[in-house]
Amino acid sequence: MKMYKVGGAVRDALLGLRISDIDWVVVGATPQQLSDLGFRPVGKDFPVFLHPDTGEEYALARTERKTGAGYHGFSFHAAPDVTLEQDLARRDLTINAMAMDQAGNLIDPFHGQADLEAGILRHVSSAFVEDPVRVLRLARLAARFAERGFTVAPDTQRLLMQMVKNGEVSHLRPERVWQETGKALAGTSSRVFFEVLRHCGALAVIFPELDALFGVPQPPRWHPEIDTGLHTLMALEQSERLTVSPEVRFAVLTHDLGKGTTPAASLPRHRGHEDRSVDLIEGLCARLPVPRRFRELAEIVARYHGLTHRAEELKPGTALRLLERTDALRRGDRFEDFLLACEADARGRTGLEDQPYPQGDLLRGALTAARQAQPATRDNGLTGSELGEAIRAARLAAVTAYLAERRS
C-alpha cells in the first residue's frame, strides 16, 4: 500500500499557493484494508475514504470507462493492481495529473510541471471529452490563473468545441453548472470564465441569455464600447474592483439580459429592457439552483439601475420611491450591494472605467435622511395607515431638505 498527494494540492504547492484541501490516492490497497486502519468510507460511486484524524479524502486508485452521457455516465474499476499512472491518466489536465509521494518526490508522467511553468491548460488524453463538467472546471481554472498568463492549449480548445458540437455539454446538471459558476464569481478574473465558455460555444448552451448579448449594439453616446456583451464583461470586471461579493457580481452579469431580446427595428435603443431583464433573470434562476439572495439582488439591479444612474436629477418623491422599492430602509446592506452593482455598470464602459459615481453617495445620504426622519405627530395617538402616512411624509420632507442642500 502506497499513498500519494494528487491533483490541486500538488499543483498549488508547485505554484507556491496556499493549499486548503489535500486529496490522496491509495495504490495497492483494498477497501477492507483502509477500513481496518480506521478510514471511514464516503464514496457512493467508487471507494473514497476519510482519514480518521485529518478528515482528508483518500481514494483508491481507479480507472474509468464511459458508459453513457453526462457526468454520471461512467463505470469505475478500483483494485490493488491499478497503478498510479493509470489513475493519473484519467484526470482532466496535465497540471492536475501530478502526484507527490510521502517523501516529497514528484511523479509527473504527463509533463504537468512543464505546462505549469509555461502557463498552459492542456488535456491529459482524448478521454477529456467524456466528462462535460471538465468544460466548466477548465474555464474556472483559466479564470483563476488568468493573472499568471495561463492560456488554453489549441488542441484542448478543439476538444472543448467538440464537446459542445457532440451535445455532451447539454448533459450538464444544473446543480453543477451553478456550483462552478458560483466559484468563478467568487474568485478573480471571472470575466475569463465566461470568455472561455463563449469561445468554445458552451455559453450558448449553458447561459443562452448571456450569449445573446454579444453583437447587440448600444447607443455609442452612452456606450463607447457599443457591444452589449462586451459591456457586460467590462462591468463584471469593474465589480471585482469594488467588492468580493459574488451576489453583486451575479447582479452585474445579468443586469442587461433584456437587451438581448430587443427587436432589431429598435436598435441601438433598448426601451423596456429593464422589465425584460427581470423576466430573463427569473427564468435563469428557475433553471439553475441560484440562491434567493442572488436572484433578489439581481432583479432590483436589473429593474432600477437606469433610474439610479439619474439620481442627481430625481425629484425627492422619486428618490424616496426608489428607496422604498429597493427595500433600502429595511435592508441597508443589500442596498449597498445594489449601489455597488450600479457603479460597476456605470464604469463598465470604454474610457469611463475610473470615473466617479456620485449617484451612490447621493442615495446613501438620502437613505440616511429618510431613516432619521420622525413625524411631528408621532405622539398624537396616530396608528395604522395614518401613522404610516405621517412617517412617509416626514421621510419625504427629510429627503427633500437633503437634496435641496446637496444641490444648492
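Going by the structure shown, is residue 23 in contact with a Lys or Arg (Cβ under 8 Å, 6 or more places away or on another chain) and charged (D, E, K, R)? So residue 23 passes the test. Inclusion of residue 373 among residues that are small (Gly, Ala, Ser) and modelled with pLDDT of 95 or more is not warranted. Within segment 8-37, residues that are under 15 Å from residue 58 (Cα atoms) and in the same structural domain as residue 77 (by TED's automatic domain parsing) have Cβ atoms under 8 Å from residues that are among the β-branched types (Val, Ile, Thr) and crowded, with 17+ Cβ neighbours inside 10 Å in these pairs: 9/22; 23/6; 24/6; 25/6; 27/82; 34/26, counting only partners at least 6 apart in sequence or on another chain. Close Cβ contacts (under 9 Å, 6 or more residues apart or on different chains) running from residues in segment 220-239 that are in contact (Cβ under 8 Å) with a residue 12 or more places away in the chain and within 16 Å of residue 347 (Cβ to Cβ) to residues that are in a helix (DSSP H, G or I) and among the hydroxyl-bearing types (Ser, Thr, Tyr) comprise 232/254; 236/190; 237/190; 239/190. Which of the residues belonging to segment 253-270 are outside any helix (DSSP H, G or I) and aliphatic (A, V, I, L, M)? Passing the criteria: only 267. When segment 83-99 is filtered for residues that are crowded, with 19+ Cβ neighbours inside 10 Å and either in contact with a Phe, Trp or Tyr (Cβ under 7 Å, 6 or more places away or on another chain) or within 17 Å of residue 63 (Cβ to Cβ) (or both), the ones remaining, listed by number, are 84, 87, 88, 90, 91, 92, 94, 96, 97, 99.
Checking each residue in segment 107-124 for being of a type outside the set (A, V, I, L, M, F, W, C) and at negative phi picks out 108, 109, 112, 113, 115, 117, 122, 123.
When the residues of segment 12-45 are filtered to those that are within 34 Å of the chain's Cα centre (by Cα) and under 16 Å from residue 84 (Cβ atoms), which remaining residue is surrounded by the fewest Cβ atoms within 10 Å (Cβ to Cβ)? Going through the qualifying residues, I end up with 23.
Selection of segment 160-199 for residues being buried (at least 19 other Cβ atoms within 10 Å of the Cβ) and over 21 Å from the mean Cα position of the chain (by Cα) yields 163, 168.
The values are calculated or read from the model by the stated rules, or taken from the named source; none is laboratory data. All figures in this text were calculated on a predicted structure; none of them were measured in a lab. We place every Cβ from the backbone using ideal geometry, glycine too, and count neighbours over all the protein chains shown.
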